[in-house]
Structure formats: structure tokens, C-alpha cells
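**Q** Submitted below is the structure of interest, expressed as C-alpha cells.
The values are calculated or read from the model by the stated rules, or taken from the named source; none is laboratory data. This one's a predicted model, so the numbers in the text were calculated from it and none came from an experiment. Counting neighbours? That spans all protein chains shown, and the Cβs are built from the backbone with ideal geometry, glycine included.
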Amino acid sequence: GDSVTQMEGPVTLSEEAFLTINCTYTATGYPSLFWYVQYPGEGLQLLLKATKADDKGSNKGFEATYRKETTSFHLEKGSVQVSDSAVYFCALYAGGTSYGKLTFGQGTILTVHP
Amino acid sequence: SAVISQKPSRDICQRGTSLTIQCQVDSQVTMMFWYRQQPGQSLTLIATANQGSEATYESGFVIDKFPISRPNLTFSTLTVSNMSPEDSSIYLCSVRRLLAGGASNTNEQFFGPGTRLTVL
């Protein structure tokens, strides 16, 4: 079945450091890929997405590129801020008979210190 | 985007009781989803609720434990029945919206703020 694997957390960085959160997936066909963010005490928000190979999703300084050859969708940001502290979830939508079901990774807790 | 509200936002319940969680969307949607996020864990889909038909449950979830109603295109409820401490989780409602003018895979899924349930 479909699955998403994220790098183990938690991740602790200093402000302005470079961030990478790894995400790899297993799916049949050509899934759409997403990064969601969950700030403390809030629900999930879509951060960025990519729907086909080599697409780059970007938002709020975050980027991720859909790499079909390595089945990866790593999240990056060049300079993190304290306000980026949150839980980040990688997810895929396989389409077809999955009828809208999202498959999530286990989440990565990011803490950014001043 | 879609604006999704959930009630209650949080609750503390006694073992053996039931809680009904409401999900309201600001526009009509075909598909609504209920997810569970156990403490420190990822999200797991409980069921898909389509208006006018019975909910479709994922493996490990059954209707007797998590009955769902979907009376119209903007509203759904999830009941957590005969609760035990293992049911302590955040329960999230979600909707899928096809982006206007997009292909079938250019959809987005939006989430409500969640209901934080603690069972004692």
C-alpha cells in the first residue's frame, strides 16, 4: 500500500539556520505530494504541494521538489525563524480509488531557538 | 480555501460515555473525512463520509465505535462511543476540494482545527 516516511525528529535549530526535513514515499502511479504544518494548538494547514514529477512547491520561504527517481519530497528552508516552530507532515494523495484519502508521514517536530 | 469549524474544540470525558463531534463547512463539499491523531502520532483516516450514503471505514475502525452522520453537503458528525482512555486523541474533520479549472489531481484537502478529546 501507499506509505510516507519522514526523517526522525525532533529537530532543533537556531534562528537563521538551514532546514531540511526528509520525506520519501511509496505509491503506485503518480501521487500528488504535500507538506502540511501544524502550529501549537492549531489544526493542519497546507504549506505547499506538487502534483507531478520535477514540480517545485514553495510557500513562506519553504520549498520541496517532487523527485520521482528517488521517490522523495524533501522540505527545505534557507533561514528558519522562531515562528516556524511546529510539526511538519509530509503526505501523499494517490488518486484513483483512494477517493481523496491522504496518507501521512509520522510528522517531524521542529523547534527553532532565538 | 474552505473554512471548517468543529465543536467542541476540546472535552474531557469519562470512560464508557460517548461524545459527538460536529463539523461544519462554509460551502458544499462532496467528500468529508474524519482523522484521528493520537498523542505524538501522525494522522490516521477513520472514515470517509459522503452525503446520501453510508460512511466508508478504514481498516481497524468500525461503525459501532465511530458512527458518522452526513445529513447534508456542509455538515457531518462523528461519535466516539463507549470511550476508553485509548480514545484520547485529536479528531480532525477534513474536506477535499477540486481546484477550479484544474485536472482531477489538482485538489486540496483542508482541515478543521480539531477536537482534543481526553478520556479519564
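**Q** Exactly one of (1) out of contact with any helix residue (DSSP H, G or I) (no Cβ under 9 Å at 6 or more places or on another chain); (2) under 23 Å from A:V87 (Cβ atoms); (3) in contact (Cβ under 8 Å) with a residue 40 or more places away in the chain is unmet by B:L45. Its number?
**A** Of (1) out of contact with any helix residue (DSSP H, G or I) (no Cβ under 9 Å at 6 or more places or on another chain); (2) under 23 Å from A:V87 (Cβ atoms); (3) in contact (Cβ under 8 Å) with a residue 40 or more places away in the chain, only one is false for B:L45: (3).
**Q** Sticking with this one: Considering segment B:8-54 alone, what residues qualify as being more than 22 Å from A:D2 (Cβ to Cβ) and part of a strand (DSSP E or B)?
**A** B:R10, B:D11, B:I12, B:C13, B:L19, B:T20, B:I21, B:Q22, B:C23, B:Q24, B:V25
**Q** Residue under question is A:E16, and the condition is that it be in a strand (DSSP E or B) and more than 9 Å from chain B (Cβ to nearest Cβ); does it hold?
**A** Criteria not met by A:E16.
**Q** Any chance you could count how many residues in segment A:30-65 are facing another protein chain (nearest Cβ under 9 Å), surrounded by fewer than 20 Cβ atoms within 10 Å (Cβ to Cβ) and not in a loop (DSSP other than H, G, I, E, B)?
**A** Counting residues in segment A:30-65 that are facing another protein chain (nearest Cβ under 9 Å), surrounded by fewer than 20 Cβ atoms within 10 Å (Cβ to Cβ) and not in a loop (DSSP other than H, G, I, E, B) gives 2.
**Q** Sticking with this structure for a sec: For segment A:19-29, which residues satisfy the criterion of being part of a loop (DSSP other than H, G, I, E, B) and either of a type in the set (F, W, Y) or within 13 Å of the chain's Cα centre (by Cα) (or both)?
**A** Listed by number, the list holds a single entry, A:N22.
**Q** Give the number of residues within segment B:30-46 that are hydrophobic (A, V, I, L, M, F, W, C) and more than 10 Å from chain A (Cβ to nearest Cβ).
**A** 2
**Q** If you don't mind, there's one more thing I want to ask. Taking segment A:1-13 only, how many residues are assigned to a strand (DSSP E or B), loosely packed, with under 15 Cβ neighbours inside 10 Å and within 15 Å of the chain's Cα centre (by Cα)?
**A** Qualifying residue count, segment A:1-13: 1.
**Q** If you go through segment A:86-114, how many residues are surrounded by fewer than 18 Cβ atoms within 10 Å (Cβ to Cβ), in contact with a Pro (Cβ under 9 Å, 6 or more places away or on another chain) and either assigned to a loop (DSSP other than H, G, I, E, B) or within 14 Å of another protein chain (Cβ to nearest Cβ) (or both)?
**A** 1
**Q** Here's another thing I want to ask about it. Going residue by residue through segment B:55-73, is there one that turns out to be facing chain A (nearest Cβ under 10 Å), under 29 Å from A:C90 (Cβ atoms), modelled with pLDDT under 90 and not in a strand (DSSP E or B)?
**A** Checked segment B:55-73: no residue is facing chain A (nearest Cβ under 10 Å), under 29 Å from A:C90 (Cβ atoms), modelled with pLDDT under 90 and not in a strand (DSSP E or B).
**Q** Determine whether segment B:54-76 contains at least one residue that is in contact with a helix residue (DSSP H, G or I) (Cβ under 9 Å, 6 or more places away or on another chain) and buried (at least 19 other Cβ atoms within 10 Å of the Cβ).
**A** The answer is no; no qualifying residue exists.
**Q** Within segment A:57-110, how many residues are more than 24 Å from B:L92 (Cα to Cα) and of a type in the set (S, T, Y)?
**A** Total meeting the criteria: 7.
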